[in-house]
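For reference, the structure discussed in these notes is given below.
The values are calculated or read from the model by the stated rules, or taken from the named source; none is laboratory data. Because the structure is a prediction, the values reported are computed rather than measured. Counting neighbours? That spans all protein chains shown, and the Cβs are built from the backbone with ideal geometry, glycine included. Quick note on the areas: whole protein, heavy atoms, side chains included, nothing else; ligands and nucleic acids left out. Shrake-Rupley method; radii C 1.70, N 1.55, O 1.52, S 1.80 Å.
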Amino acid sequence: MNTATIDARHLLCPLPVIRTQDAVADCRPGDHLQVVCTDPGVVHDIPAWCRVHGHEVYAIERSDNEIMIGIQVGEAD
Amino acid sequence: MSQLILEPTSQAQWQTLIHEAQAACDRNLDETLESYLVFLLMRFADRPECTARIMAEDYLQSQQLQGAHREECLRDVGDHCLLFSGLFPRLAERRLVRVSYFVNIGRSSYRQLSDVVGRQRAALYGQLSEAFIVLMDILHTMRELGGQSLLTPIQAMELWQETGSRRCLQQLGGGRNALPVSGSDETH
């Protein structure tokens with residue numbers, strides 16, 4: 001299992017979702033992705049995208065002005 | 001634009017205008033992309049209300065759809081983003097985003113389309129994603145044939161840095177061979 005981090009800070013939705021999609025395309029099932037964002041909209045948008053595409057959000061952490069969303073990549077859809 | 005374009009059909013008029021813009025910015029589209037652009041402009045010419053669309057919402061909605069609905073929605077988002085970034089880049093200012101915001105969403109929409117449609121159409125959407133900046137440059141040039149700059153120097157600088165737009169670089173250079181220098185920590 002690999003873990004990668006995506007820097008999506010200062011990007012407005014849906015650009016963090018697009019970055020996440022692009023990164024997931026290079027991952028294998030079971031890999032972890034940590035997406036670091038600043039737009040609060042990601043708290044809804046990324047989990048919604050993950051739900052539709054079969055990935056699991058295992059963590060949403062907020063610190064200062066940043067939000068980290070942890071994703072476990074599911075089977076390819 | 002040095003003369004009136006008088007062609008028998010709206011298709012021919014758009015095509016002539018695109019040819020003129022391509023010549024002015026020294027970019028050439030292949031026949032497929034040129035046709036796509038002509039028909040895109042024809043489809044949206046009488047729909048000024050399209051500028052009210054919120055691309056983020058539409059894009060995220062497309063992610064929830066399946067099959068033909070998803071394809072239609074993604075194409076719509078890609079097309080709108082191309083028009084917004086190419087014909088109405090000042091819209092970004094009013095929406096408090098950068099022009100590259102629309103570029104990124106549009107390119108991603110076309111790229112996703114190329115992954116979900118059949119092989120023949122996949123090639124077209126792949127090309128649209130790859131050539132998005134060239135198409136945007138041609139649309140900018142088309143708007144600027146009247147003589148006025150479409151972007152402020154700061155917007156041109158941002159767009160050049162973020163997308164590599166050759167048209168923006170030309171605008172910054174003002175026809176000279178000068179290159180903008182980025183980096184505020186440099187001493188001269």
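I need the full set of residues from segment A:11-55 which are open to solvent by 70 Å² or more (accessible area, probe 1.4 Å) and touching a strand residue (DSSP E or B) at 6+ places or on another chain (Cβ under 9 Å), in order please.
Going through segment A:11-55, the residues open to solvent by 70 Å² or more (accessible area, probe 1.4 Å) turn out to be A:12, A:19, A:25-26, A:28-29, A:40, A:44, A:51.
Within segment A:11-55, A:Arg19, A:Asp26, A:Pro29, A:Pro40, A:Arg51 meet the criteria.
Within segment B:44-59, being farther than 13 Å from B:Gln112 by Cα and either small (Gly, Ala, Ser) or open to solvent by less than 90 Å² (accessible area, probe 1.4 Å) (or both) holds for B:Phe44, B:Ala45, B:Arg47, B:Cys50, B:Thr51, B:Ala52, B:Arg53, B:Ile54, B:Met55, B:Ala56, B:Asp58. In segment B:141-162, the residues that are farther than 24 Å from B:Ala23 by Cβ and touching a residue at least 60 places away in the same chain (Cβ under 8 Å) reach residues that are open to solvent by 20 Å² or more (accessible area, probe 1.4 Å) and outside any helix (DSSP H, G or I) with C-beta atoms within less than 6 angstrom, at least six apart or across chains, in these pairs: B:Glu158/B:Arg98.
Okay, residues lined up against (1) more than 14 Å from A:Ile71 (Cα to Cα); (2) aromatic (Phe, Trp, Tyr); (3) over 9 Å from the mean Cα position of the chain (by Cα):
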residue: A:Pro14; (1), (2), (3): yes, no, yes
residue: A:Val17; (1), (2), (3): no, no, no
residue: A:Gln21; (1), (2), (3): no, no, no
residue: A:Asp31; (1), (2), (3): no, no, yes
residue: A:Val36; (1), (2), (3): no, no, no
residue: A:Asp39; (1), (2), (3): yes, no, yes
residue: A:Val43; (1), (2), (3): no, no, yes
residue: A:Pro47; (1), (2), (3): no, no, no
residue: A:Val52; (1), (2), (3): no, no, yes
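Scanning segment B:51-69 for residues that are among the hydroxyl-bearing types (Ser, Thr, Tyr) and more than 9 Å from chain A (Cβ to nearest Cβ) gives B:Thr51, B:Ser62.
Checking the conditions here, which among B:Leu135, B:Leu128, B:Leu124 is farther than 18 Å from B:Glu72 by Cβ and more than 14 Å from every other protein chain (Cβ to nearest Cβ)?
Matching residue, one of B:Leu135, B:Leu128, B:Leu124: B:Leu135.
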